[in-house]
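The values are calculated or read from the model by the stated rules, or taken from the named source; none is laboratory data. The structure presented is a predicted model; accordingly, all values stated were derived computationally and were not measured. Backbone-built Cβ (ideal geometry, glycine too); neighbour counts: all protein chains shown. We work out accessible area using only protein heavy atoms, side chains counted, and drop any ligands, DNA or RNA first. Shrake-Rupley method; radii C 1.70, N 1.55, O 1.52, S 1.80 Å.
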Amino acid sequence: MPGQPAWELLLPAAGAPARQRGRSLQEALREAVRTGLLAAGTRLPSSRALAADLGVSRGLVTEAYEQLVAEGYLRSDRGSGTWVGGAARAAAPGVRDLAPRGPGVRVDFRPGTPDLSLFPRAAWGAAQRAVLAELPHRRLGYPDPRGLPELRAALAALLARRRGVVADPERLVVCSGVAQAATLLGLALRARGHTSVGVEDPGSPEHGRLFAASVLETVWLPLDGEGLVPGPLAASGVRAVVVTPSHQFPSGIAYGARRRAELLDWARTVDGFVLEDDYDGDFRYDRAPVGALQGLDPERVAYAGSVSKSLAPGLRLGWMLVPEALLDEVVERKRTMDLGNPVLDQAVLARFVTGGGYDRQLRRCQRAYRERRDALVAALDRDFPGTEVTGIAAGLHVIARLPPGHGPTARFLERARAAGVSLRPLEDHGTARPPDGAVRLVIGYAHLAPAEIARGVGLLAEATRDGGRPDG
């Protein structure tokens with residue numbers, strides 16, 4: 001062994017409790033080979049010599065050698081001893097965290113994140129304890145790939161009551177969020193011969209990436225103040241679209257009744273389908289939320305939602321109500337993809353919904369997010385007078401068009417970054433560019449306290465004043 005005798009590397013393992021000593025010795029040898037402390041081609045001491053050095057039985061060392069020879073870490077040639085093999089390679093050092101975050105940001109106005117401090121830890125924990133105490137052992141086996149029957153029944157009742165959908169529990173599939181729902185639907189559409197899918201412009205860039213995983217081309221389709229424009233949709237050649245009709249992301253409009261009817265007429269005419277992403281449909285602050293599109297035609301509309309905005313995205317729990325024509329394919333894809341979502345998490349959510357905890361959580365979030373939207377509008381009015389905030393009073397973000405004198409957008413964002421404020425321009429969400437050079441921002445607010453919102457807008461105003469107007 002280069003640089004030190006064998007027993008110095010293995011002494012900690014030799015000092016382990018008697019019942020753990022053999023396993024500890026094996027792991028210490030593996031780690032020495034993996035990390036290169038024992039280089040390939042190194043001859044190891046005989047089992048008798050190593051046992052004497054370590055003060056352990058020869059049988060313990062012999063067993064360790066035999067185990068690591070079987071695994072490929074060592075090699076043994078009859079009559080010539082035991083050597084370090086050449087198969088092992090050191091693993092990459094360190095563990096990285098690839099969760100999205102903005103390093104060095106003082107205030108992050110990027111959209112899409114709820115306030116994670118609102119997660120109902122006590123109520124969720126109580127539901128977990130109850131589930132662990134009551135869940136029969138047999139329920140811990142592989143679940144129905146659609147989801148636990150009690151969760152599908154609970155979600156169907158909830159969605160019918162709150163969102164006006166036609167909710168058959170037999171056609172509800174529990175997913176790992178809307179992202180998996182879109183992927184499953186894309187795979188089902190591809191199996192039926194679809195080659196492309198339409199997405200809203202502006203819209204969520206994630207939709208295009210998700211359908212690309214299903215080998216479907218995405219076609220950007222323009223919006224007006226009522227929803228997808230019928231002419232370009234009909235001319236596009238697509239037979240499936242993904243829409244956010246209750247609160248369009250990011251423009252903030254709600255599809256009008258006529259445009260909803262035209263969209264469904266198009267789907268029937270082309271024998272196509274609509275994926276309704278109802279990502280924040282519960283959060284309307286000036287009136288009752290607009291009901292889901294799916295309620296008008298459940299055979300043409302797949303309805304998807306999740307708890308990512310109401311509870312936490314890290315739970316990875318969502319759902320999709322699937323048209324009958326696509327159900328078998330979606331369920332089979334779900335089965336082969338992951339064999340179903342974790343049983344315990346599903347059972348906890350079912351109990352949380354049926355016990356009224358989910359409704360209470362939605363009311364809590366609605367109060368908080370309404371207050372924060374008001375705080376953002378007031379801060380913009382104070383520090384950027386003349387700002388136009390568009391879209392309905394709903395959701396977790398606003399579209400803000402700053403008054404003249406703050407463009408071009410690239411220079412404004414540069415000043416924002418220098419001030420430690422993270423922002424996302426509307427141009428990041430589609431193909432259109434502002435014809436007049438105006439600064440149009442998609443500002444998320446749900447995850448920020450009112451004081452943080454006021455501070456962030458104030459930092460932007462200060463950066464603008466200190467540096468002068470970007471356009472002189």
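Averaging Cα coordinates gives a centre for the range 272-325 and one for the range 25-72; these two points are 58 Å apart. Dividing the radius of gyration of the alpha carbons in the range 140-190 by their Kirkwood radius gives 1.00 for Rg/Rh. Legend: residues Trp220, Trp124, Trp83, sorted from most to least accessible area (1.4 Å probe; ligands, DNA and RNA excluded), read Trp220, Trp83, Trp124. For helix 450-467, what angle does its Cα long axis make with the longest principal axis of the chain, in degrees from 0 to 90 and rounded to 10? It works out to around 80 degrees. Against the chain, whose longest principal axis is taken from its Cα atoms, helix 409-418 shows a tilt of about 50°. Evaluating 6.51 cos²θ - 1.76 cosθ + 1.60 at θ = phi - 60° for every residue in the range 34-51, the Karplus couplings come out as 4, 7, x, 4, 10, 6, 4, x, 6, 8, 8, x, 4, 4, 5, 5, 5, 4 Hz, glycine and proline recorded as x. Every pair of different Cα atoms in the chain enters the Kirkwood calculation, which places the hydrodynamic radius at 26.2 Å. Considering only beta bridges that DSSP places wholly inside the range 261-322, some 50 percent are antiparallel. Between Trp220 and Glu31, the simple spin-label model (points 7 angstrom out along Cα→Cβ) gives 5.3 nm. Computed extension gain for Ala261 through Leu339, at 0.36 nm per residue and net of the alpha carbon distance, reaches 24.4 nm. Sequence-ordered 3J(HN,Hα) estimates for the range 225-233 from the Karplus curve with 6.51, -1.76 and 1.60 and θ = phi - 60° stand at x, 10, x, 4, 6, x, x, x, 4 Hz, glycine and proline given as x. Across the protein chains, with a 1.4 Å probe defining accessible surface, the residues Asp374, Asp108 rank Asp374, Asp108 from largest area downward.
Couplings for the range 60-69, taken from phi via the Karplus curve 6.51 cos²θ - 1.76 cosθ + 1.60 with θ = phi - 60°, read 5, 5, 4, 5, 5, 4, 4, 5, 6, 5 Hz in order; Gly and Pro are left as x. In terms of the Cα gyration tensor, with a ≥ b ≥ c the square roots of its eigenvalues, is the range 276-391 rounded because a/c is under 1.5, prolate because a/b exceeds b/c, or oblate? It comes out prolate by the Cα gyration axes.
Start at zero, step by 10 Å, and the Cα-Cα distances of the range 77-170 spread as 10, 17, 23, 20, 14, 9, 5, 1 percent across the bins. Computed extension length for Ser80-Glu8: 23.6 nm, one decimal, from 0.36 nm per residue of separation with the Cα-Cα distance subtracted. Could you state, as a whole-number percent, how many of the C-alpha pairs of the range 180-246 are farther apart than 19 Å? Summing the P(r) of the range 180-246 above 19 Å gives 27 percent of all pairs. Placing unit charges on the Cβ atoms of the charged side chains and taking the dipole of the range 335-472 about its Cα centre, the candidate lying farthest along the positive direction among Leu448, Leu426, Gln361 is Gln361.
How large is the Kirkwood hydrodynamic radius of the range 390-455, counting all unique pairs of alpha carbons, in Å? Don't skip to the end; give the middle numbers.
Values: mean 1/r = 0.0776 Å⁻¹.
Hydrodynamic radius (Kirkwood, Cα pairs) of the range 390-455 is 12.9 Å.
Compared with the dominant Cα axis of the chain, that is its longest principal axis, helix 257-269 is turned about 60°. Based on alpha-carbon atoms, the Kirkwood radius and the radius of gyration of the range 325-472 give Rg/Rh equal to 1.14.
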